[in-house]
Amino acid sequence: MRKNSIKNTRVNAEVQHELSNIIRGEIKDPRINPLTSVVAVEVAPDLKSCKAYISVLGDEKSQADTLAGLKSAEGYIRRQLARTINLRNTPEVRFILDQSIEYGVNMSKLIDDVNKDIKETEKDDENE
């Protein structure tokens, strides 16, 4: 994979910021969960396409509904991006569900459970 140039990194950050604002404040679709965040954005070097990784706090149905709502609003979102960001080409946005935050929370919980079990066995050994 090619390393991002400074320009591409700036474009990614700006698109991510604007996508967050659009999803949070401008889209009125009831399918979209209010706890939706844009985790990362990868804009292609030619500015034609863009992958937006989103995270949704909720169950699988809520995640699927949010993804469906965002897919149906792709045209509106692209139009708003074109209005707010001055780029040669406005990228076509593709939304991808990112479950890394949920995975991290689950791993953290598992580690805490293991640590708790270890401490309990240590206390039991001391009491004997």
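The values are calculated or read from the model by the stated rules, or taken from the named source; none is laboratory data. In this text, all values refer to a predicted model and were calculated from it rather than measured experimentally. Note: ideal-geometry Cβ built from the backbone for every residue, glycine included; neighbour counts use all protein chains shown. In case anyone asks, the SASA skips ligands and DNA or RNA and just uses the protein heavy atoms, side chains included. Shrake-Rupley method; radii C 1.70, N 1.55, O 1.52, S 1.80 Å.
Examine region 73-84 for a residue that is of a type in the set (S, T, N, Q), touching a residue at least 60 places away in the same chain (Cβ under 8 Å) and in contact with a helix residue (DSSP H, G or I) (Cβ under 9 Å, 6 or more places away or on another chain), and state whether such a residue exists.
Looking only at region 73-84, we keep the residues that are of a type in the set (S, T, N, Q), and these are 80, 84.
Filter once more, keeping what is touching a residue at least 60 places away in the same chain (Cβ under 8 Å): 80, 84.
Add one more test, that the residue is in contact with a helix residue (DSSP H, G or I) (Cβ under 9 Å, 6 or more places away or on another chain), and what stays is 80, 84.
Yes, because at least one residue in region 73-84 is of a type in the set (S, T, N, Q), touching a residue at least 60 places away in the same chain (Cβ under 8 Å) and in contact with a helix residue (DSSP H, G or I) (Cβ under 9 Å, 6 or more places away or on another chain).
Select, from Glu74, Glu122, Glu126, Glu102, the only residue that is of a type in the set (Asp, Glu) and closer than 21 Å to Leu47 by Cβ.
On the way: Glu122 fails: closer than 21 Å to Leu47 by Cβ; Glu126 fails: closer than 21 Å to Leu47 by Cβ; Glu102 fails: closer than 21 Å to Leu47 by Cβ.
The conditions single out Glu74.
Of everything in region 39-65, what is within 18 Å of Tyr103 (Cβ to Cβ) and either of a type outside the set (Val, Ile, Thr) or open to solvent by 20 Å² or more (accessible area, probe 1.4 Å) (or both)? Give them in sequence order. Spell out the reasoning first.
Quick first cut of region 39-65, residues within 18 Å of Tyr103 (Cβ to Cβ) only: 39-40, 53-60, 62-64.
Val39, Ala40, Tyr53, Ser55, Leu57, Gly58, Asp59, Glu60, Ser62, Gln63, Ala64 - these are the residues of region 39-65 that are within 18 Å of Tyr103 (Cβ to Cβ) and either of a type outside the set (Val, Ile, Thr) or open to solvent by 20 Å² or more (accessible area, probe 1.4 Å) (or both).
Report yes if Leu97 is over 18 Å from the mean Cα position of the chain (by Cα) and either at pLDDT 85 or above or assigned by the TED database to the domain that holds Ala52 (or both), otherwise no.
Working: over 18 Å from the mean Cα position of the chain (by Cα): no; either at pLDDT 85 or above or assigned by the TED database to the domain that holds Ala52 (or both): yes.
So Leu97 does not fit the description; no.
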(message) Is it the case, given these coordinates, that Thr90 is closer than 13 Å to Thr36 by Cβ and surrounded by 18 or more Cβ atoms within 10 Å (Cβ to Cβ)?
(response) no
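Just a yes or no: is a residue in region 60-70 among the charged types (D, E, K, R), in contact (Cβ under 8 Å) with a residue 40 or more places away in the chain, assigned by the TED database to the domain that holds Ser20 and over 19 Å from Ile27 (Cα atoms)? So that I can check it myself, show each step before the final result.
Residues of region 60-70 among the charged types (D, E, K, R): 60-61, 65.
Still in the running and in contact (Cβ under 8 Å) with a residue 40 or more places away in the chain: none.
No, every residue in region 60-70 fails to be among the charged types (D, E, K, R), in contact (Cβ under 8 Å) with a residue 40 or more places away in the chain, assigned by the TED database to the domain that holds Ser20 and over 19 Å from Ile27 (Cα atoms).
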(message) Going by what's in this entry, would Ser49 be described as touching a strand residue (DSSP E or B) at 6+ places or on another chain (Cβ under 8 Å), modelled with pLDDT under 90 and at negative phi?
(response) no
(request) Consider Gly58 carefully, then state whether it is modelled with pLDDT under 90 and either under 17 Å from the mean Cα position of the chain (by Cα) or assigned to a helix (DSSP H, G or I) (or both). (result) yes
(request) Would you mind telling me which numbered condition in (1) part of a helix (DSSP H, G or I); (2) loosely packed, with under 14 Cβ neighbours inside 10 Å; (3) among the basic types (Lys, Arg) Arg78 fails? (result) (2)
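Looking for whichever is outside any strand (DSSP E or B), open to solvent by less than 60 Å² (accessible area, probe 1.4 Å) and in contact (Cβ under 8 Å) with a residue 12 or more places away in the chain here; the options are Glu102, Glu18, Glu14. Which one fits?
Numbers: Glu102 fails: open to solvent by less than 60 Å² (accessible area, probe 1.4 Å); Glu14 fails: open to solvent by less than 60 Å² (accessible area, probe 1.4 Å).
Only one candidate passes the filter, namely Glu18.
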